[in-house]
Amino acid sequence: MRIEELEKEIHLCKRCGLYKNRKNAVPGEGNIFSRIILIGEAPGYHEDLQGRPFVGAAGKFLDELLRIVGIKRENVYITNVVKCRPPNNREPTDQEIKLCSKFLEKQITLIKPKLIITLGNVAKNYIFKKFKLKNEPISKIHGKVYKVVSIDSVITIIPMYHPAAGLYDPKRKDVILKDWLNVRDIIKSIIEENV
Ligand code: URA
């Protein structure tokens, strides 16, 4: 399946109730050949309006982080665990995550990531379970670098705080920035391997 077909399927999806209130589904965007995938939780208000991931306030901070560490949005693929906005930005339920997961699974199969960066708890919990990593609170493992072997390739997994966590807390913002700066060389080396 090609990414365009998958995106079309996501736009038409009615697997869970979230389709009823959506303006747009948000499949994800970016470079599917980059071997780097950033995974957030679910679209918010602005993402739902525009059909694009991370375009609201948290997205602006993510853009700033990417710029500071010298990465372009076009260098990575950005998506979410859940592709439609939950009402009032509540956390997606386990059932919504389960029903939507086939799309993220297909994206991972298509992209064959060498690096997965999770943004926030929902994505961390999903990816840690998928790769059988010991799950711990994000406050303990943010910015840590994990390696897993999948089929015959090594995947690096880095759980990051959700960018929204830094919006109203300057101390947390500094921690997030430091985490990204610490892994800048890992991210850049994977981008360079694939140009
Ligand atoms: N928060 C997310 O987790 N994803 C988005 O796309 C926007 C905000």
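See the values below:
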{"quantity": "Added length on full extension, which subtracts the Cα-Cα distance from 0.36 nm per residue, Asn89 to Asp174", "calculated": "28.1 nm"}
{"quantity": "Relative contact order (%) - region 15-94, alpha-carbon pairs under 8 angstrom, separation at least six", "calculated": "46 percent"}
{"quantity": "Computed helical MRE - 222 nm, the chain, DSSP H runs ≥ 4 contributing -39500 (n - 2.57), nearest 500", "calculated": "-12500 deg cm²/dmol"}
{"quantity": "Surface accessible to a 1.4 Å probe, per residue, for the residues of the chain, Å²", "calculated": "52 Å²"}
{"quantity": "Computed over region 111-195: relative contact order in percent, which uses C-alpha pairs under 8 Å that are six or more apart", "calculated": "31 percent"}
{"quantity": "Among Pro27, Pro113, Pro87: highest mean-square fluctuation, GNM of the chain, C-alpha pairs under 10 Å", "calculated": "Pro87"}
{"quantity": "Potential lengthening between Glu4 and Asn182 on full extension [0.36 nm per residue; Cα-Cα distance subtracted]", "calculated": "60.7 nm"}
{"quantity": "Assigned charges on the beta-carbon of Lys, Arg, Asp, Glu; region 3-193 dipole about Cα centre (debye)", "calculated": "380 debye"}
{"quantity": "Those lysines that a straight Cα-Cα span of less than 26 Å connects to Lys14, excepting residues fewer than 8 apart in one chain", "calculated": "Lys23, Lys83, Lys98, Lys102, Lys106, Lys124, Lys129, Lys130"}
{"quantity": "Set of aspartates and glutamates with alpha-carbon distance to Lys147 below 20 Å, sequence-local pairs under 8 removed", "calculated": "Glu105, Glu136, Asp179, Asp185, Glu192, Glu193"}
{"quantity": "Accessible-area value, Arg85, 1.4 Å probe, nucleic acids and ligands omitted, Å²", "calculated": "60 Å²"}
{"quantity": "Surface share of carbon and sulfur [accessible, 1.4 angstrom probe, percent] for the chain", "calculated": "52 percent"}
{"quantity": "For peptides 50-62, 145-157, sequence by mean Cβ density within 10 Å, most packed first", "calculated": "50-62, 145-157"}
{"quantity": "Region 3-193, relative contact order in percent, only Cα pairs under 8 angstrom and at least six apart counted", "calculated": "24 percent"}
{"quantity": "Beta bridges per DSSP with both ends in the chain, % antiparallel, nearest 5", "calculated": "35 percent"}
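The values are calculated or read from the model by the stated rules, or taken from the named source; none is laboratory data. Note that the coordinates shown come from a computational prediction; the quantities given were computed from them, not determined experimentally. Because the Cβ atoms are built from the backbone with ideal geometry, glycine has one as well, and the counts that use them run over all protein chains shown. Heavy atoms of the whole protein, side chains included, go into the accessibility calculation; ligands, DNA and RNA do not. Shrake-Rupley method; radii C 1.70, N 1.55, O 1.52, S 1.80 Å.
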